[in-house]
Amino acid sequence: MKDFTFELIKTCRQSGARAGILHTPHGDIPTPIYMPVGTQACVKAMTSEELKEIGTRILLSNTYHLHLRPGEKLIERAGGLHSFMHWDRPILTDSGGFQVFSLATLRKITEEGVSFRSHLDGSDRFLSPETSMAVQEALGSDIAMAFDICSAYPCDHRKAEEAMHTTHRWAERCLKAHTRKDQALFGIVQGAFYEDLRVESAKTLADMDFPGYGIGGLSVGEPKETMYRILEALSPVMPQHKPRYLMGVGSPDCILEGVLRGVDMFDCVLATRIARNGTVFGPKGRLVVRNQTCAEEFFPIDETCDCFACRNYTRAYIRHLLKAGEITGARLCSVHNLRFLLRMTQEIRQAILEDRFLDYRKEFYARYDMTRNF
């Protein structure tokens, strides 16, 4: 696909972590990369201009939500998702599969697809591989995801294997249905928490020759050590010169551990979700700005951070906004949290290029306590 290529430009000699560049019709994406989540064509509390200011190179939107509201046909008439949301950089749309299984009610899975009731109004709906492709092509994202089945945690081997084989058959149907030449289609590796299934899935999808691959069905309630074990099993068998996207994962520690295990792309709603509750990524760990301890702290969230919030506002002021119910408090926390993860992946990339990623990882854990709030 001439409009979409991936360059693997560096493998860290110290760790094996990867740095690359994704070339897309709407711009190049340096990897590793964190992708803010704009579920409904909007990253919560953020404008497109603000996302650019903090260094966002690619963001996500959601097929399930946009299909239900306002509908892909309206967005297509608006000129596609880029025009609709005033965003001229790359967009990735997920297939809607995860949301069908996590949000919709009375869903029924058949070989053809999934029948379900909308979580918005209870109306009967249906998504299939072909429907998902049609919706994503109408949205006009740079990267579309194949329609898959996400197994629950825990899940027995038999059910996980059945879901995996259905995912593979659906992946083949997605390839046949997908026609848009300026949009890359990624396959999604499934297999729940079983290494043998995950390896089989990765090899099967590699034979289909997708331009990139998602790793789905992780961070759904399992211990982090289980996720890391699966990533370690996958890294040697996934195509080396294709991008690897760990879906729905984006805490600082999971980004570090994912990069160590060969992942290139991450996304998660965590950054903006905790921001709306007044929690931020502080210099030593998570900082609860709502707490009384911040009431007279007349200095930034993080004095080393270059985001708009930290350049202009104090913890005391942001706490006041949050306690007063002013939406600006949540917006400032969101700006900071997103910039924190974007800056972190920039630093990770530089460490890989300089063959010192393990040193960076060690230094990060030495200063940042993942086990407590401050």
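Structure notes:
- When Ala275 is tested against (1) closer than 30 Å to Arg18 by Cα; (2) in contact (Cβ under 8 Å) with a residue 60 or more places away in the chain; (3) surrounded by fewer than 18 Cβ atoms within 10 Å (Cβ to Cβ), only condition (3) is not met.
- Filtered residues of the range 286-322 (kept if farther than 15 Å from Leu338 by Cα, of a type outside the set (Lys, Arg) and open to solvent by less than 50 Å² (accessible area, probe 1.4 Å)): Val288, Val289, Cys294, Ala295, Glu297, Pro300, Thr314, Ala316, Ile318, Leu321, Leu322
- Some residue of the range 263-272 being in a loop (DSSP other than H, G, I, E, B), open to solvent by 10 Å² or more (accessible area, probe 1.4 Å) and within 30 Å of Lys323 (Cα to Cα): yes
- Candidate set: the range 1-27, residues that are at pLDDT 95 or above and among the charged types (D, E, K, R); chosen: the one nearest to Pro211 (Cα to Cα): Glu7
- Selection over the range 9-45 of residues that are part of a loop (DSSP other than H, G, I, E, B) and either open to solvent by less than 10 Å² (accessible area, probe 1.4 Å) or among the aromatic types (Phe, Trp, Tyr) (or both) gives a count of 6.
- Top-ranked residue in the range 69-118 [being exposed (fewer than 15 other Cβ atoms within 10 Å of the Cβ) and among the β-branched types (Val, Ile, Thr); ranked as modelled with the highest pLDDT]: Thr110
- Residues that are under 23 Å from Pro25 (Cα atoms) and in contact with a Leu (Cβ under 6 Å, 6 or more places away or on another chain), drawn from the range 111-140: Leu139, Gly140
- In this entry, Gly278 passes the filter for residues that are under 16 Å from Phe374 (Cβ atoms) and touching a helix residue (DSSP H, G or I) at 6+ places or on another chain (Cβ under 6 Å).
- As for the range 236-251, it holds no residue that is assigned to a helix (DSSP H, G or I) and more than 17 Å from the chain's Cα centre (by Cα).
- Taken across the range 160-169, residues that are touching a Gly at 6+ places or on another chain (Cβ under 8 Å), under 21 Å from Gly217 (Cα atoms) and in contact (Cβ under 8 Å) with a residue 40 or more places away in the chain do not occur at all.
- The residues of the range 323-336 that are surrounded by fewer than 24 Cβ atoms within 10 Å (Cβ to Cβ) and part of a helix (DSSP H, G or I), listed by number, are Lys323, Ile327, Thr328, Ala330, Arg331.
- Meets criteria (at pLDDT 95 or above, over 22 Å from the mean Cα position of the chain (by Cα), among the aliphatic types (A, V, I, L, M) and more than 16 Å from Val263 (Cα to Cα)) for Leu205: no
- Segments classed as strands (runs of 3 or more DSSP E), wholly inside the range 119-203, with at least 1 members that are open to solvent by 40 Å² or more (accessible area, probe 1.4 Å): 124-127
- Condition check for Leu66: modelled with pLDDT of 95 or more, in a helix (DSSP H, G or I), aliphatic (A, V, I, L, M) and open to solvent by 60 Å² or more (accessible area, probe 1.4 Å): no
- Checked against the criterion of being basic (Lys, Arg) and under 25 Å from Leu218 (Cα atoms), the candidates Arg89, Arg117 yield just one match: Arg117.
- When residues of the range 47-63 are limited to those that are without any contact (Cβ under 8 Å) to a residue 60 or more places away in the chain and over 21 Å from Asp28 (Cβ atoms), the one surrounded by the fewest Cβ atoms within 10 Å (Cβ to Cβ): Thr47
- Residue in the range 339-346 that is open to solvent by 20 Å² or more (accessible area, probe 1.4 Å), within 30 Å of Ser15 (Cβ to Cβ) and out of contact with any Cys (no Cβ under 9 Å at 6 or more places or on another chain) present: yes
- Scanning the range 252-262 for residues that are more than 18 Å from Phe340 (Cβ to Cβ) and open to solvent by less than 10 Å² (accessible area, probe 1.4 Å) turns up just one, Gly262.
- The set of residues in the range 212-250 that are small (Gly, Ala, Ser) and without any contact (Cβ under 8 Å) to a residue 24 or more places away in the chain is empty.
The values are calculated or read from the model by the stated rules, or taken from the named source; none is laboratory data. On a predicted model such as this, the values are computed, not experimentally measured, just so you know. Note that we place each Cβ from the backbone using ideal geometry, even for glycine, and neighbour counts take in every protein chain shown. Heads up: the accessible areas ignore ligands, DNA and RNA and are worked out on the full protein's heavy atoms, side chains in. Shrake-Rupley method; radii C 1.70, N 1.55, O 1.52, S 1.80 Å.
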